[in-house]
Amino acid sequence: MSYLSKTDPEIADIIEKERLRQQNGLELIASENLVSYAVLEAMGSIMTNKYAEGYPGKRYYGGCEFYDMAENLARERLKKLFGAEHANVQPHSGTQANMAVYFAFMKLGEKILSMKLNQGGHLSHGSPVSFTGKFYQVAQYGVDPKTEMLDYGIIDEMARKEKPQIIVCGASAYPRTIDFKAFQEIADGVGAYCMADIAHIAGLCATGIHPNSVGVVNFTTTTTHKTLRGPRGGAIMCNNEYAQAIDKAVFPGMQGGPLMNTIAAKAVCFEEALKPSFKEYSKQIVKNARVLAGTLTDNGLRLVSGGTDNHLMLMDLTEQGITGLEAEVALGKAGITVNKNTIPNETKSPFVTSGLRIGTPAVTSRGMKEAEMRQIGTWITKVLKDIHNEAVIREVHTDVTMMASRFTLHPE
Ligand code: DSN
């Protein structure tokens, strides 16, 4: 920030404060991560300067020869990473990626079958407050009330009854493995398309730590900034037969100029994810989540479905008699950033909630391992079991800062 701090000290100061917050705290928001210097450099490069509406070789602006090279590289690397026939790297976000699939393969008023928001789904899967709930009919499945896991028999029954045009699988707060093959079979049984939104677990799918949806379901959408550890953005993968419709839906269907600095940074991220070290990183995310989940349950805290198969866990605070909001605030004061989250069969509003969502991608990027997870689990328990005790919160905050200062903010 040496240049910015001279030309605009006000914003440079804000960025520095945020850097310190990230360095001194523990980021346990399941959808967040920390990018490498290489990703940051590509994002902050002169690739932001130009318009490049269109696709490589077919642009509406002159001077795009190097932008074409960057976008082609991003597409090829993403295809290699997931074994995809076709990739579109232009969606500005995961929601935009989902929108492109809906726009390409559904007429307004047709039906989506997806997971309910308060059971783990995402806003863009059919919530009444998102465009999806306004433009389309929506039928939604949840988790089994006893196991708190997906019940494919029930989803199949619903698909037969509801006759959706697209079945959406994938979630924002589901700690268990998703059977993409089962979802595609259910869709095939009713003549529907199947879309997997793997935003949360993309890095795990790319490295085989979680089954890959690409080549199994009709369309895979993702963000690039969660377990994939790239710049904020989206992407879509599908077989060649759907490529043209997807590309047209993204541009000119719903976006103008692509963010080419972000696309360059996506290319960097995909290359990083192709390295053997990224597989080790992905394995460690899941190991860390299991150890953290085990520590929390050993300490008497209840996790939805009893544990985790992936990078996140969902804590049910009902027995503690505290809300997700109270827990988020108290842990925040202790330097541990998490988010309140609805749990299956939630009775409170999304602004209050009975749950907390906790994830390990960012702390794993800092190099933290099982020992640190046990420590973090102990701190979380200490705060949640004595939530109004400011002295405990202060003590945990000091310990958190000391531990965090030992770990880098920038993965290799
Ligand atoms: N907001 C993201 C999450 O936290 O899961 C999903 O888009």
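The values are calculated or read from the model by the stated rules, or taken from the named source; none is laboratory data. Here the structure is a predicted model, which means the values were calculated and not measured. Note that we place each Cβ from the backbone using ideal geometry, even for glycine, and neighbour counts take in every protein chain shown. Ligands, DNA and RNA are excluded from the accessible area calculation, which covers all protein heavy atoms including side chains. Shrake-Rupley method; radii C 1.70, N 1.55, O 1.52, S 1.80 Å.
Considering only the stretch 44-54, I want to know if a residue exists there that is under 30 Å from I246 (Cα atoms), among the aliphatic types (A, V, I, L, M), in a helix (DSSP H, G or I) and open to solvent by 60 Å² or more (accessible area, probe 1.4 Å).
Within the stretch 44-54, one or more residues are under 30 Å from I246 (Cα atoms), among the aliphatic types (A, V, I, L, M), in a helix (DSSP H, G or I) and open to solvent by 60 Å² or more (accessible area, probe 1.4 Å).
Output the number of the condition that R374 fails; it satisfies all remaining conditions of (1) among the charged types (D, E, K, R); (2) under 30 Å from E272 (Cα atoms); (3) free of Cβ contacts under 8 Å to residues at least 40 places away in the same chain.
Every condition holds for R374 apart from (3).
Does G332 qualify as being farther than 20 Å from E370 by Cα and in a helix (DSSP H, G or I)?
Spelling it out, G332 is indeed farther than 20 Å from E370 by Cα and in a helix (DSSP H, G or I).
Residue check, S213 against (1) touching a residue at least 24 places away in the same chain (Cβ under 8 Å); (2) open to solvent by 20 Å² or more (accessible area, probe 1.4 Å), all met but one. Which one?
Failed condition: (2).
Residues in the stretch 113-163 that are touching a residue at least 60 places away in the same chain (Cβ under 8 Å), more than 14 Å from the ligand (Cβ to nearest atom) and assigned to a helix (DSSP H, G or I): how many?
Here the count works out to 0.
For A12, indicate whether it is of a type in the set (G, A, S), away from the ligand (no atom under 16 Å from the Cβ), part of a helix (DSSP H, G or I) and touching a Ser or Thr at 6+ places or on another chain (Cβ under 6 Å).
Judged against the criteria, A12 is a match.
Which count do you get for residues in the stretch 358-412 that are hydroxyl-bearing (S, T, Y) and surrounded by 21 or more Cβ atoms within 10 Å (Cβ to Cβ)?
3
Just a yes or no: is a residue in the stretch 377-386 modelled with pLDDT of 95 or more and over 26 Å from Q23 (Cβ atoms)?
Looking through the stretch 377-386, at least one residue is modelled with pLDDT of 95 or more and over 26 Å from Q23 (Cβ atoms).
Is it the case, given these coordinates, that S93 is touching a residue at least 24 places away in the same chain (Cβ under 8 Å), open to solvent by 30 Å² or more (accessible area, probe 1.4 Å) and under 30 Å from A293 (Cβ atoms)?
Spelling it out, S93 is indeed touching a residue at least 24 places away in the same chain (Cβ under 8 Å), open to solvent by 30 Å² or more (accessible area, probe 1.4 Å) and under 30 Å from A293 (Cβ atoms).
If you check E370 against the conditions, is it under 30 Å from S45 (Cβ atoms) and acidic (D, E)?
Considered against the rule, which asks whether it is under 30 Å from S45 (Cβ atoms) and acidic (D, E), E370 comes out as no.
If you scan the stretch 119-132, which residues turn out to be out of contact with any strand residue (DSSP E or B) (no Cβ under 9 Å at 6 or more places or on another chain) and open to solvent by 30 Å² or more (accessible area, probe 1.4 Å)?
L123, V129, F131
Which of the residues spanning the stretch 244-263 are over 19 Å from the mean Cα position of the chain (by Cα), among the polar types (S, T, N, Q) and not in a loop (DSSP other than H, G, I, E, B)?
Answer for the stretch 244-263, where residues must be over 19 Å from the mean Cα position of the chain (by Cα), among the polar types (S, T, N, Q) and not in a loop (DSSP other than H, G, I, E, B): Q244, N261.
Give me the residue from the stretch 15-34 that is within 16 Å of the ligand (Cβ to nearest atom) and among the small types (G, A, S) and, out of that set, surrounded by the fewest Cβ atoms within 10 Å (Cβ to Cβ).
The qualifying residue surrounded by the fewest Cβ atoms within 10 Å (Cβ to Cβ) is S31.
Go through A100, A173, A104, A84 for me and flag whichever is more than 14 Å from the ligand (Cβ to nearest atom), crowded, with 24+ Cβ neighbours inside 10 Å, outside any strand (DSSP E or B) and small (G, A, S).
A100
For the condition assigned to a helix (DSSP H, G or I), over 30 Å from K107 (Cβ atoms) and open to solvent by 10 Å² or more (accessible area, probe 1.4 Å), what is the one hit in E280, E241?
Just one listed residue meets the conditions, E280.
If you scan the stretch 176-210, which residues turn out to be in contact (Cβ under 8 Å) with a residue 40 or more places away in the chain, within 16 Å of the ligand (Cβ to nearest atom), small (G, A, S) and assigned to a helix (DSSP H, G or I)?
G203, the sole residue that qualifies.
Just checking, does the stretch 383-393 include any residue being within 16 Å of the ligand (Cβ to nearest atom) and small (G, A, S)?
no
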